[in-house]
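Here is the structure we will look at.
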Amino acid sequence: MARTPASAYQHLPVLVPLALSVLALLLTHLALRQLEESERDAAFAKQAVRLHERLAQRLQICDAILRGAAGLFASSQNVTREEWREYVVALRLEEVQLGIQGLGYSQHILPADLPEHLREVRASGFPAYDVTPNGQRDHYSAIVYLEPFTGRNLRAFGYDMMSEPVRSEAMSHARDQGGIAYSGGVRLVQETDANVQTGVLAYLPVYEGGMVPVSTEQRRVRLKGWVYSPIRIGDLLGAVFQDELQRVKVRLVDQGINSQGKPQVLFESAPQVQPDGVMQDESLPEVSLTMWLHGRQWEVRYSALPGFWPLNGRNTHALTLAGVALAGALLCALTWSLANTRARARIMAASLASELADGEQRF
């Protein structure tokens, strides 16, 4: 049988450590990638919880403002327009940037009291005042105070929010429960054709005597009106999250069933397609959290945008792979050196043996 030449195996001592080095490099890469993704997902989950808590705290502040406004009515038999303006100005809503459109009071009006209501408001310096939309209804409400009483808010003066089903549902719920209620998504009366945003309204009822009546029937009879706050969702979340919206996509869905029979998207901060036309990486983490607003359920989904993860993790990954590659290269070089030394030793031994054999033959 013919024997395989020894030269066929001369590279075998180098190929084995080279293959092992490549395998170690691949396994290290996979392990580091899995570890990095786990750390990334855990870090993003913590970040999403922090953002969610920040939003909840901001809404709690809005609730506290409504309760304070209701307390103003409870402490006075008749809150005038000037008193209301001074109260809201003292809150400095514009300076603290809460993200709410304003703070107002909507008066509850029975049909028999509507003519007297119109005469009083028109006599107070608003001769063109009217309750809108016009028409016969069992109950009326009218926005009589709204601060700041400038800009967009002027469009809401005299509007009957009970004439619109989504608002009316929240107002009725607040009246019957004696507490705060949030509406579903609506187009606020303050909206213009520029930068249109979905809005919601928060209501807190005000009763005669300042105290919440015991029974639902008494609450309906003794209702004076509602302090309320119109909220533009985009302004609210922009004020809460600020620069975080450059790194995290926020999608806010009201789980209450709307007129189309499905949950309503109130806000979505980033498009599905990035500006360069590349779809968002589906492997990036996302977290969905629930928020309860006095019986209303919001689902907030936080999705990471490309570039949210700090580069230091990737640098560590690259450095580790470079270290493994360097170690593999050194191992291959050492093996090659040892193999060459052994080969040279065999050649020297063969040469000496040949010279010895020639010497013996000559001898």
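Remarks
- Looking only at segment 39-80, and only at residues there that are more than 18 Å from Tyr203 (Cα to Cα) and small (Gly, Ala, Ser), the one that is least open to solvent (accessible area, probe 1.4 Å): Ala48
- Test: residue in segment 196-204 that is open to solvent by 10 Å² or more (accessible area, probe 1.4 Å), under 23 Å from Ile109 (Cα atoms) and of a type in the set (S, T, N, Q): no
- Screening Leu154, Leu114 for residues that are open to solvent by 40 Å² or more (accessible area, probe 1.4 Å), in a helix (DSSP H, G or I) and of a type in the set (A, V, I, L, M, F, W, C) leaves exactly one candidate, Leu154.
- Taking the listed residues Glu83, Glu36, the one that is open to solvent by 60 Å² or more (accessible area, probe 1.4 Å), at pLDDT 60 or above and not hydroxyl-bearing (Ser, Thr, Tyr) is Glu83, with no other qualifying.
- Meets criteria (surrounded by fewer than 19 Cβ atoms within 10 Å (Cβ to Cβ), modelled with pLDDT of 85 or more and closer than 27 Å to Gln60 by Cβ) for Arg232: no
- Restricting attention to segment 231-255, the residues that are assigned to a strand (DSSP E or B), in contact (Cβ under 8 Å) with a residue 60 or more places away in the chain and basic (Lys, Arg) total 1.
- Residue identified as more than 14 Å from Gln190 (Cα to Cα) and in contact with a helix residue (DSSP H, G or I) (Cβ under 8 Å, 6 or more places away or on another chain) among Gln177, Gln107, Gln101: Gln107
- Matching residues in segment 88-125 - criterion: being touching a residue at least 60 places away in the same chain (Cβ under 8 Å) and among the hydroxyl-bearing types (Ser, Thr, Tyr): Tyr105, Ser106
- Test result for Val240, out of contact with any strand residue (DSSP E or B) (no Cβ under 7 Å at 6 or more places or on another chain) and surrounded by 20 or more Cβ atoms within 10 Å (Cβ to Cβ): yes
The values are calculated or read from the model by the stated rules, or taken from the named source; none is laboratory data. This structure is a prediction, so every number in the text was calculated from the model and none was measured. Here Cβ is always computed from backbone atoms with ideal geometry, including for glycine, and neighbour counts include all displayed protein chains. In case anyone asks, the SASA skips ligands and DNA or RNA and just uses the protein heavy atoms, side chains included. Shrake-Rupley method; radii C 1.70, N 1.55, O 1.52, S 1.80 Å.
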